[in-house]
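One structure is given here, and the rest of the page talks about it.
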Amino acid sequence: MTLVKHFKDGRARHAGLAFGLLVLLFACASSAFAQNNQSQGLKMSDLLKLPGKVIAEGANTRPTGKFRAAKYRVEEVALPTATEVKINDRVLSVNKAYRVTVVGGPFEVRAMPAVIWINDTAVGYGVENEDLTEITAVTFDESLIVEGASIFLSYGDKKNKEDRAELPEKLKLGSAKGGRQ
Amino acid sequence: MKKILRLQTIASLAFLLFLTALGAQQAAAQTPDPGTTGPYAVTREEYNYGNLAFTPSNFPSAVELIASVHHPTDMTNGPFPLIVLLHGRHATCYKGTQVSLRWPCLSAQQPIPSYQGYDYLASTLASNGYIVVSISANGISAYDAQVTDLGMQARAELIQRHLNQWNTFNTVGAAPFGTKFVGKVDMTRIGTMGHSRGGEGVVKHYLYNASLGSPYTIRAVFALAPVDFNRPVINNVALAVMLPYCDGDVSDNQGVHFYDDARYTAPGDSGGKNTVLVMGANHNFYNTVWTPGLFPAGASDDWASTTDPHCGTVSGNKRLTSAQQRGTGLAYISAFMRVYVGRETAFLPILTGEAPPPASAQTTNLYVSYHAPDTAATRRDINRLLNATNLSTNTLGGATSAAGLTPQDLCGGESPQPAQCLPSTQSTSRQPHTVPSARSSARGLSQLRTGWGAANTSYSNDLPVGARDVSGFSALQFRVSVNFADSRNPPNIAQNFTVVLTDGTGATSSVRVSDYSGVLYYPPGTTGSVPKVVLNMARLPLSAFAGVNLTDIRSVQFKFDQNLQGALLITDLAFSTAPTTIQ
């Protein structure tokens, strides 16, 4: 079964990889995937728990801006099995996901979901951790993880760039142990 | 002679205004206040079946089955209607002033009792003869970010689980209440109110209950400052949406979609619909547990920009106090539930806009819109303004014309209309009717985008044969907003125009909108999500149109003759009247 999600607005195409869809995508994943990974039963909660390799991480520890964001962390997550996703209207088989986490807070628990952005692309809706010091979104799109990208946090509409708060540091690959050099 | 005639005209107009004002005063005087304490002494209790007593389907965690109950202490007059309240997403646990988002809480923490934050409403309703249950949903708040629909199905199932419990209380009884409620709950008269994510939760619940064959009869659904992520649409049930203008959380007021989406989707729709836009209100103050000073942890004023002249805290701001804000909730939720669940029709004028806000609302700075049930007796749509055809031919089949207006197009609705009505430089959070939803690609409200910059400009709708007798209706109404993004509207100055009815003899009668409605205000605020365009109802009583034959009205004309220039967004032009009975 192929992931089906269309984003007609080019600005939001990458958002098709957003966290919220992951749940649906994995729920609808191929039968082969399901058969081979029945014990995995991958859902968003699983993606948040899978071990990840930190490939980029900011250093700022002081919460800044209206949302009190301090720094970012990007982790590469090996998936238990390859799965098909749709990226920019192309169906691709991927075996990695990327967790993009904004660290800081404590973040307020809101009705509107948090949105994490890399440059002008909404990575996806975020999930807060229990002590409200981190918000994490997941993407399959490796092309988003680019050196020097700006990272933003906002709440609500994934097309609304007006109300975003930019993190103080740009994305710097290789800045963390185990990162890409 | 001309002078005498002019004086007579002025005198007549003054007398007419006096009579109309008198009428409004009489409506106000005759309409009781739904937010006052009633005759019943009230008992408050709780039930708690455990923090992990219920597992919603496809949800990452079990959740609690906990609720408060307010009911008349003396229940001999039962059965009483049942009102169910559901809070929204908030931190779930606290210790001191620190909060967290987990469920259940750690042993050193206490749960944040968000469900207790509406006790002010529950106690008042109970004193008037209602059983009011407020459900705890912390477990859903803790995990709903991990499911695609952001917890709406889980909320619907949780409400249904509580209703099942109340069915048990009502039939055979159960702990902790024993047989106290047996035969005392009217399970055929139920209303639901949800705040924030709970707002979409109660809408979703209506559909879920229907999918189960409607084991419980939901009469009224009230969404308070709601999200609308998935765009569920409900019909044939009373629906209300309260929109805080200074909402700093659901800052785009996207919940207005519930009303917009439901208007014309079900022919013969029996449900009356309302929006109430509350100026100066934020998201959190409707819940006392979320209000600073009333609970020690996790409470905040969600409106963050202190410098905004309307929503901020600078001198001269128009913010409501938390008590005033709760007043608006108390007044309108009570009115809505008492009309549609309790069939206390005396409060209906508050919902139709015929009567002003009751004293319990503690402010008059709010705007009520009303969409009457879709029956021949209660509503005649002149122009729904849904598609390009409606620019030349209205919903009744009559001709529509514009003179000197530019633009004169439709926006916000289905393609090929532009998705937004304001320029792309304006944030979508300032355009509630068209803001995208998180989990839906549904388009927004189709609106007539119009403006003028010269004399003798007008917009007219002709009434065809068979639609000209409007004498059975009480008002002409439409929804409208001043388009603040159009520079023809001078900042901070209200607009105005004249509505003209013409009858079969050619006689005309004119009414200035500002004489009956304040909806042509210039949207206030300068930061973040304000100013914003919210289309509110202008309700012009037909009694104000003296000198025309209401059994033979040939056209409704908007004459833009009060200001040299301006720009508006308009929809839902209709004749309307309230139903005489409530099912």
(message) Looking for something buried (at least 24 other Cβ atoms within 10 Å of the Cβ), of a type in the set (S, T, N, Q), free of Cβ contacts under 8 Å to residues at least 60 places away in the same chain and within 23 Å of B:Q325 (Cβ to Cβ) - is there at least one such residue anywhere in the range B:241-255?
(response) no
(request) Could you identify the single residue in B:A175, B:A126, B:A154 that is within 14 Å of chain A (Cβ to nearest Cβ) and either surrounded by fewer than 20 Cβ atoms within 10 Å (Cβ to Cβ) or in contact with a strand residue (DSSP E or B) (Cβ under 8 Å, 6 or more places away or on another chain) (or both)? (result) B:A154
(message) Within the range A:17-73, considering only helices (runs of 4 or more DSSP H) that don't extend past its boundaries, which have at least 2 residues that are under 15 Å from A:G126 (Cα atoms) and modelled with pLDDT of 85 or more?
(response) A:44-49
(request) Looking only at the range B:129-141, count how many residues are within 14 Å of another protein chain (Cβ to nearest Cβ) and part of a loop (DSSP other than H, G, I, E, B). (result) 1
(request) Scan the range B:88-117 for residues that are away from every other protein chain (no Cβ under 11 Å), among the small types (G, A, S) and either closer than 14 Å to A:E130 by Cα or touching a residue at least 40 places away in the same chain (Cβ under 8 Å) (or both) and jot them down. (result) B:G96, B:G117
(request) Select from the range B:320-341 the residues that are in contact with a Pro (Cβ under 9 Å, 6 or more places away or on another chain), more than 13 Å from B:A361 (Cβ to Cβ) and surrounded by 24 or more Cβ atoms within 10 Å (Cβ to Cβ) and list them in ascending order. (result) B:M337, B:R338, B:V339, B:V341
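Please state which one of B:V519, B:V480, B:V534 is touching a residue at least 60 places away in the same chain (Cβ under 8 Å), in a strand (DSSP E or B) and under 16 Å from B:A567 (Cα atoms).
Working: B:V519 fails: in a strand (DSSP E or B); B:V534 fails: in a strand (DSSP E or B).
After ruling out the rest, the residue left standing is B:V480.
The values are calculated or read from the model by the stated rules, or taken from the named source; none is laboratory data. Note that the structure is predicted; figures quoted are calculated from it, not measured. Backbone-built Cβ (ideal geometry, glycine too); neighbour counts: all protein chains shown.
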